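Okay, structure first, notes after.
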Amino acid sequence: MKKIPVILDCDPGHDDAVAIVLAARSPEIELVGITCVAGNVEVEQTAANALKVCGLAGLRTVPVFKGMAQPLLNELLTAEHIHGKSGLDGAELPPTDLTVQPTHAVDFLIEKIFTFPHEMTIIAIGPLTNIAMAILREPRITELTKQIVLMGGAMGMGNVTPSAEFNIYVDPEAARIVFNSGIPLTMIGLDVTHQVLVSRDIIEQIRQNGTSLAHTFASLLAWYNASLNALSGELAAMHDPCAVAMVCDPSLIATELMRVDIETRGEFTRGRTVCARGFSAGRMPNARVAVGINAPRVWKMLIERLR
Ligand code: RIB
Ligand code: CA
């Protein structure tokens, strides 16, 4: 089986951390690099978190790059209230000697897409600022990128406002550039990721793996769950790993071809992914949108590959 070359663009973040390890340990994927963006926490911290996760998981050959520190227009909105001040509260990840690469994440994205024309899959699980900047800096990548699979948006309710999901809300202008780029796009939104919930049983199954990584991740997820529970009375969702799981096994998620427009102006609707089945006011479909997920099979893959 030919491996799928992937660049994982992320903002670790508890669910991003799980997505990094899942991507690295999936036989279907060749993890070519990890690019970090400001989102859940500042970009210095998301990059530091990515390095620590790589160190903990023994991923010493996956290059990590630091990207955009601010959204294109917005002030940065972070999510310390959910992920904690470090962005990975709930466990002490050991310090690592790994360091970020000198190349900027945006330049790395462009360079790799040109090196592997029509082969690169970008899995984007944070705000889309890095991806949009790469498109603005080098528009030709819109013809050369195989696909983008992103966690973000929602057909229904958002999680930052009733209209908007966090990754899109942080940088709606970047999202609009990405959704209008013409790059083949799969949007995995809250409608399906909210079905992949972190239960105590799942945490115990992960902890039973017995490794230091398993114990650390079980502690991280327990903290993440408690944080969401305190905030909203809900269980935490494994948003980002759903995007990785979809690349590994597309049968896990059902999608429909839709027209997705990004609201950038509405006082109460800014950051909304406005999804129409097929055309919308003459505008062509531009994304496959996740409408169903096999959550038990996603968890099965996750638990097996966290081992
Ligand atoms: O809305 C969920 C998304 O926002 C996830 O990517 C999570 O990591 C946060 O970035
Ligand atoms: Ca994320």
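Taking H as built 1.01 Å from N, whose amide H comes closer than 5 Å to the amide H of Val291, not counting residues under 5 places away?
Counting only residues 5 or more places away or on other chains, the set is Ala254, Thr255, Glu256.
Placing one identical point scatterer on every Cα of the chain and ignoring solvent, what is log10 I(q)/I(0) from the Debye formula at q = 0.08, 0.09, 0.16 Å⁻¹?
-0.30, -0.38, -1.36
With unit charges on the beta carbons (Lys and Arg positive, Asp and Glu negative) and the dipole taken about the Cα centre of the chain, which residue among Thr103, Val198, Ile7 sits farthest to the positive side?
Positive-end residue among those listed: Ile7.
Report, in debye and to the nearest 20, how large the dipole of the chain comes out about its Cα centre when Lys and Arg carry +1 and Asp and Glu carry -1 on their Cβ.
680 debye
Only Cα pairs under 8 Å and at least 6 apart count here; give the relative contact order of the chain as a rounded whole percent. Don't skip to the answer; put the middle values down first.
Values: 713 pairs, mean separation 57.5, N = 307.
Relative contact order for the chain comes out at 19 percent.
Please express the Cα-Cα pair-distance distribution P(r) of the range 167-225 as a list of whole percents, one per 5 Å bin, running from 0 to the bin with the greatest distance.
4, 16, 16, 14, 12, 11, 12, 11, 4, 0
Report the Rg/Rh value for the range 1-123, based on alpha-carbon coordinates and the Kirkwood definition of Rh. Kindly include the intermediate steps, with their values, before the conclusion.
Values: Rg = 14.1 Å, Rh = 14.6 Å.
Expressed as Rg/Rh, it is 0.96.
Among the listed pairs Lys52/Lys300; Lys52/Lys85; Lys85/Lys112; Lys2/Lys300; Lys2/Lys52, which are separated by more than 27 Å between their Cα atoms?
Those over the limit are Lys85/Lys112; Lys2/Lys52.
In the P(r) worked out for the range 121-203, what percent of Cα pairs fall beyond 20 Å?
35 percent
Give the distance, in whole Å, between the Cα centre of the range 115-176 and the Cα centre of the range 196-232.
28 Å
Enter the Cα centre distance for the pair the range 264-307 and the range 1-80, rounded to the nearest angstrom.
Using only Cα atoms, the two centres lie 20 Å from each other.
Helix-only mean residue ellipticity at 222 nm, the chain, DSSP H runs n ≥ 4 weighted -39,500 (n - 2.57), per residue, nearest 500. What is it?
The per-residue figure over the chain is -11500 deg cm²/dmol.
Over the Cα atoms of the range 200-307, each weighted equally, I'd like the Debye log10 I(q)/I(0) at q = 0.16, 0.21 Å⁻¹, rounded to two decimals.
Log10 of I(q)/I(0), two decimals: -0.89, -1.11.
So how long is each side of the range 136-184 along the principal axes, counting just the alpha-carbon atoms, biggest first, in Å?
Ordered largest first, the range 136-184 gives principal extents of 35, 18, 12 Å.
Over the range 94-250, what number does the Rg to Rh ratio reach, with both radii from the alpha-carbon atoms and Rh per Kirkwood?
Ratio of gyration radius to Kirkwood radius: 1.01.
Taking the dipole about the Cα centre of the chain, with the C-beta of Lys and Arg at +1 and of Asp and Glu at -1, give me whichever of Val170, Met246, Asn229 is farthest to the positive side.
Result: Met246.
Since every read-out is calculated from the coordinates, none of them should be taken as a lab result. Predicted model only: the values in this text are computed from it and were never measured. Methodologically, a virtual Cβ is constructed for each residue, glycine included, from the backbone with ideal geometry; neighbour enumeration extends over all protein chains shown.
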